[in-house]
Amino acid sequence: RGDGLTIAGFQDLSNAGTVTNFIITQRKHTAAVYADAKVEFKNWLFLGVTARNEWSTSLPVQNNTFFYPSVNVGIVFTEALGLTDNEILSFGKIRANYAVVGKDAPIYSVLTTSARTVGADGWTVGYSFPFNGTSGFSRSNTLGNPKLSPEKTTGWEIGTDLRFFGGRLNLDVSYFNDSRDGQIFPVSTAPATGYQFQLLNAGLMENSGIEVVLNATAIKTQDFALDFTLNFSRIRNKVVRLAPGVQSVFLAGFGNPQSAAVAGYPLGQFFGGVWQRDASGNIVIDDQRTISGAANPNYGYPIADPVNKAIADPNPDWLGGFRTTVSYQGLTISALLDVRQGGFLWNGTRGALINYGMAKETENRGATKVFKGVKGHLDDNGNLVSNGQVNDVIAALDENWYRGNGGGFGNVAEDFVDDGSWVRLREATVSYNLPAAWFEGSVLSRVSVSVTGRNLWLSTKYNGVDPETSLNGASGT
């Protein structure tokens, strides 16, 4: 890494005043034995069984081996019932499988390691040792766990594969259910221990869903073909339980909001600051002019609930895709349309822009507003006091509001969690096969020229950055 660039814009290590090199080496050993058996009966009944046992040095010695089997069966009922010559249903298969899958722990999970000391501010790469010629190492903030055991996923799936009209129309449908027990999470621990987290087998999570794929050749002649593929998936997820004494497992975020694993909610559910509401769901507007004889700065503004609560589920309601391909002689045009319906995102970009007064919606600063809600306040014990009267207090949309709870760095996060639904043209390709006669007598038998574009069009109500991106970059979540 190069720091202290002499010439602005010249991104080269030779231009850096200080160059720091990093080397990271991680090692673990794994071994496994595997067995696979398959049985076929009259080309319509298929049975498969597998068994695998693994060893991994990322687990404690007493728990470093785990065994997992699977069994699958398929029945081609069109073959069994003598329907292979059927002009409508040309192929039909029913399949089912059951499997257990084991997984070892992240590397060095059983140890409390030390690493090069790094200080970060959340905005830049921060600083790291060596610093001013001095090396520095610190203990990891995650306490190793010598009692970890392997994660285990147990699941089953049923499905069918149907082909009609000699393969011109194909339908593949499957339903699955799986449970993942003993999931390894870094769980918050008491700071008095000197650590922030400890790795625990802290979770049991269940997933279920349906997946559908439809392929069709709508038109097919000697020179022209029109094909399309439609896929749809709907998956439901739930954290069933966490380790004893663990209420929540932090997954990502800055604390408000945060993505967490909490029993009874989907994995990754957003939790954070919300507005105080009455029993009917109305936002409560502070009606106290004074507090302890002094002017109340929050008079006329919504009240922040003192307790962080569940805000929204980031997981989509469903995903879909549609690909169409048109071919005429040597020319082929293909396009893929992707759809994500539902699933919320934290719009941190909008929150930061509002806080700094750079968002368009802050152009009204200095204006006044009567916030929608009912009048009320919290008493000294934190209990809501409200008679349900509609708010009529005029409040100023000033800098204090936008840099407080009205902005992205305030105590309330729910206003900055938005629907992340979208429709996008994921890919479009135009290709052309050059005439074979052009290359007769040469070493080339076929030449194709293609032009491909990705993410060419996006339609979404989300007004932040592309809803597929995150603060962690392309590899983050």
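Taking a cut-off of 17 Å, what percent of all Cα-Cα pairs in region 9-88 are separated by more than that?
The proportion of pairs with Cα distances above 17 Å equals 72 percent.
Output the Cα-based Rg and Dmax of region 198-299 in Å, rounding Rg to one decimal and Dmax to a whole number.
25.2, 89
Could you please put Lys375, Lys42 in sequence from largest to smallest accessible area, using a 1.4 Å probe?
Of Lys375, Lys42, the descending order of accessible area is Lys42, Lys375.
Taking only the alpha carbons of region 98-173, what extent do you get along each of the three principal axes, in Å, biggest first?
Over region 98-173, Cα extents along the principal axes are 75, 35, 17 Å.
For a quick check of understanding: with a 1.4 angstrom probe and all protein chains in place, what accessible area in square angstrom does Trp44 have, to the nearest ten?
70
When DSSP beta bridges are limited to those with both residues in the chain, what percentage is antiparallel, rounded to the nearest 5?
Among the beta bridges of the chain, antiparallel pairing accounts for roughly 95 percent.
What would the Debye formula give as log10 I(q)/I(0) at q = 0.25 Å⁻¹ for the alpha-carbon point model of region 298-392, no solvent?
-1.22
By accessible area of protein heavy atoms, probe 1.4 Å, what ranking do His377, His29 get, highest first?
His29, His377
Calculate what fraction, in whole %, of the accessible area of the chain sits on carbon and sulfur atoms when a 1.4 Å probe is rolled over the protein chains.
Roughly 56 percent, rounded to a whole number.
Filter Lys372/Lys461; Lys28/Lys152; Lys28/Lys103; Lys38/Lys103 down to the pairs with a C-alpha to C-alpha distance above 18 Å, please.
Checking Cα-Cα distances, Lys372/Lys461; Lys28/Lys152; Lys38/Lys103 exceed 18 Å.
Among the lysines, select those whose C-alpha is under 19 Å from the C-alpha of Lys42, and discard any that sit fewer than 8 residues away in the same chain.
Counting by Cα, and skipping residues close in sequence, Lys42 has these lysines nearby: Lys93.
Tell me, what is the 1.4 Å probe accessible area of Met358, in Å² to the nearest 10?
Ignoring ligands and nucleic acids, Met358 comes out at about 140 Å².
I need the P(r) histogram for region 65-144: all alpha carbon pairs, bin width 10 Å from 0 out to the longest distance, whole percents.
Taking every Cα pair in region 65-144, the percentages come to 13, 19, 16, 12, 12, 11, 12, 4, 0.
Positive end of the dipole of region 14-150, charges at C-beta (+1 Lys, Arg; -1 Asp, Glu), about the Cα centre: which of Val49, Asn63, Asn97 has its Cα farthest in that direction?
The residue sitting most towards the positive pole is Asn63.
Among Ala367, Gln11, Gly343, whose Cα sits farthest toward the positive end of the charge dipole of the chain (+1 at Cβ of Lys/Arg, -1 at Cβ of Asp/Glu, about the Cα centre)?
Checking the options against the dipole of the chain, the answer is Gln11.
Cross-link partners among lysines for Lys309, C-alpha distance below 20 Å, same-chain residues fewer than 8 apart left out?
Lys238
How large is ³J(HN,Hα), in whole Hz, for each residue of region 279-288 in order, when computed from phi with the Karplus curve 6.51 cos²θ - 1.76 cosθ + 1.60 and θ = phi - 60°, using x for Gly and Pro?
So the J values, rounded to whole Hz, are 5, 8, x, 7, 5, 8, 9, 4, 10, 8.
How many angstrom separate the Cα center of region 78-143 from the Cα center of region 437-455?
Distance between centres, Cα-based: 39 Å.
Report, to one decimal in Å, the Kirkwood hydrodynamic radius for the chain based on all distinct Cα pairs.
28.5
If you count only protein heavy atoms with a 1.4 Å probe, what accessible area per residue comes out for the chain, rounded to a whole Å²?
For the chain, the per-residue accessible area is 60 Å².
Taking the Cα atoms of region 147-192 alone, what are Rg (to one decimal) and Dmax (as a whole number) in Å?
Just the Cα atoms of region 147-192 yield Rg and Dmax of 20.7, 70 Å.
Using Cα centres only, tell me the gap between region 372-422 and region 182-260 in whole Å.
32
With 13 Å as the cut-off, how large is the P(r) tail for region 210-265, expressed as percent of Cα-Cα pairs?
Within region 210-265, distances greater than 13 Å cover 75 percent of Cα pairs.
How big is Rg to Rh over region 143-219, alpha-carbon atoms, Rh as the Kirkwood inverse-mean-distance radius?
That ratio is 1.35, to two decimals.
In percent, what relative contact order does the chain have, based on Cα pairs under 8 Å that are 6 or more apart in sequence?
RCO, the chain: 8 percent.
Through the Karplus equation 6.51 cos²θ - 1.76 cosθ + 1.60, θ set to phi - 60°, convert the phi angles of region 223-228 into ³J(HN,Hα) values in whole Hz; use x for Gly and Pro.
The phi angles translate into 10, 9, 8, 10, 10, 8 Hz.
The values are calculated or read from the model by the stated rules, or taken from the named source; none is laboratory data. From a predicted model like this one, the values you see are computed outputs, not experimental measurements. Note that each Cβ is placed from the backbone with ideal geometry, even for glycine, and that neighbours are counted across all protein chains shown. In case anyone asks, the SASA skips ligands and DNA or RNA and just uses the protein heavy atoms, side chains included. Shrake-Rupley method; radii C 1.70, N 1.55, O 1.52, S 1.80 Å.
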